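The values are calculated or read from the model by the stated rules, or taken from the named source; none is laboratory data. Because the structure is a prediction, the values reported are computed rather than measured. Cβ coordinates were reconstructed from backbone atoms using ideal geometry, including for glycine residues, and neighbour counts include every protein chain displayed. Keep in mind that these areas ignore ligands, DNA and RNA; they rest on the heavy atoms of the full protein, side chains included. Shrake-Rupley method; radii C 1.70, N 1.55, O 1.52, S 1.80 Å.
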Amino acid sequence: MPNNRAITTGLYDPRFEHDSCGVGFVAHIKGERSHQILQDANTILVNMDHRGACGSEENTGDGAGILTALPHEFFERAIHESLGERLPPPGRLGVGLVFLPTDHDERRHSREVVEKTVQQRGHSVIGWRPVPTDPDAADIGPAARHSEPVIEQLFVAAGSTAHDETFERELYLIRKRVSHRLRDQLSSANGVPFYICSLSSRVIIYKGMLRPAQLLAYFPDLADAKFTTHLAMVHSRFSTNTFPSWDRAQPNRFMAHNGEIN
C-alpha cells in the first residue's frame, strides 16, 4: 500500500509535518497514593522517547520531566535527615524545586532574594535541601553537563493567616516576583541561571535537559519507594522553535498540553 503521507490530500500538507513533544498522565481514580503510580508514569515516559529529541550527542536530550503530588511523608524524612527540621502538615507546607547558579556568590544572592520575598509575604523559609543527582548513573551528555545548574528544594511554612487556597496563590506570587527580580541580575553564561521549576503546596516537578530514560537515574528521589503520589504527569520534549535547556523541559506546572506556542 503506498504511503500517502507525503502527498497533499485535502487539508493535509506535508510542509507542516513536524514532530512534537509527548505527554502522559497517570492517576488513581480514588486518590490513593503509591510509588507504583510514579513507576507507571515513568514507563509511559520511557516509551515516549520517540516523541522527544536529542542533538549530536545521543545522551543529551531536549528535556524530560515529571509532575507529581507533593510526597509529604518522603519530605518529612528527607528534611529530618538533612536539616533536622520538622515540617508543617499538608496544606501548610510549600515546596519548590529550584535551579540555582553554579557561581557561589550568585547562588547566595538568589537564596537571599527568595528568602526576603517569602518573609515579605508573611511566610517563613524552613530551609534549603540539596537535591541528590547522579549525572554519571544517568549518563547525561557533555552539553547537558556543561549547563547543569545547582538543584535545591525550598521549603516554606505558611504564615498564620494563610490557608489552603490563599497559600497556594501566595506561592505563585512568590515564584513570579522572585523570577522577575532575578531575571536581569544574574549572568547567563550557561543558560538560565535561576529558575523555579515549581513552588506549590500540592505538586512538585522534577525535570532537566535529559532523555526520558535518564530521569529516574538522574534524580534518586524518584526511585525511592517512599516517594508516593496519586497522580503523575510526564513530558518528553522535542525542541522546535527554541533550543534545548534545563529550564524549558516540562513546561506543564498544572495541566497537560502537547506542542509549543509558535
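Conditions (1) open to solvent by 30 Å² or more (accessible area, probe 1.4 Å); (2) modelled with pLDDT under 90; (3) more than 20 Å from Phe243 (Cβ to Cβ), marked per residue:
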residue: Asn4; (1), (2), (3): yes, yes, yes
residue: Arg15; (1), (2), (3): yes, yes, yes
residue: His18; (1), (2), (3): yes, yes, no
residue: Ala27; (1), (2), (3): yes, no, yes
residue: Gly31; (1), (2), (3): yes, no, yes
residue: Leu45; (1), (2), (3): no, no, yes
residue: Ala53; (1), (2), (3): no, yes, no
residue: Ala64; (1), (2), (3): no, no, no
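Only one of (1) at pLDDT 90 or above; (2) out of contact with any His (no Cβ under 7 Å at 6 or more places or on another chain); (3) open to solvent by less than 20 Å² (accessible area, probe 1.4 Å) fails for His235. Which number is that?
The one condition His235 does not meet is (1).
Consider the range 124-145. How many of its residues are without any contact (Cβ under 8 Å) to a residue 60 or more places away in the chain and hydroxyl-bearing (Ser, Thr, Tyr)?
Residues meeting the conditions: 1.
Can you name every residue in the range 82-113 that is open to solvent by less than 10 Å² (accessible area, probe 1.4 Å) and either assigned to a loop (DSSP other than H, G, I, E, B) or more than 25 Å from His146 (Cα to Cα) (or both)?
Across the range 82-113, the qualifying residues are Leu93, Gly94, Val95, Pro101.
Among helices (runs of 4 or more DSSP H) lying entirely in the range 142-226, which contain 3 or more residues that are surrounded by 15 or more Cβ atoms within 10 Å (Cβ to Cβ)?
164-183, 215-218
Under 15 Å from Ala249 (Cβ atoms) and more than 12 Å from the chain's Cα centre (by Cα): is that true of Gln185 in this structure?
no
Scan the range 30-46 and report the pairs whose first residue is closer than 17 Å to Tyr206 by Cα and in a helix (DSSP H, G or I) and whose second residue is at pLDDT 95 or above and of a type in the set (Asp, Glu), with Cβ atoms within less than 9 Å and a gap of 6+ or a chain change.
Sorted first by the residue in the range 30-46, then by its partner, the pairs are His35/Asp224.
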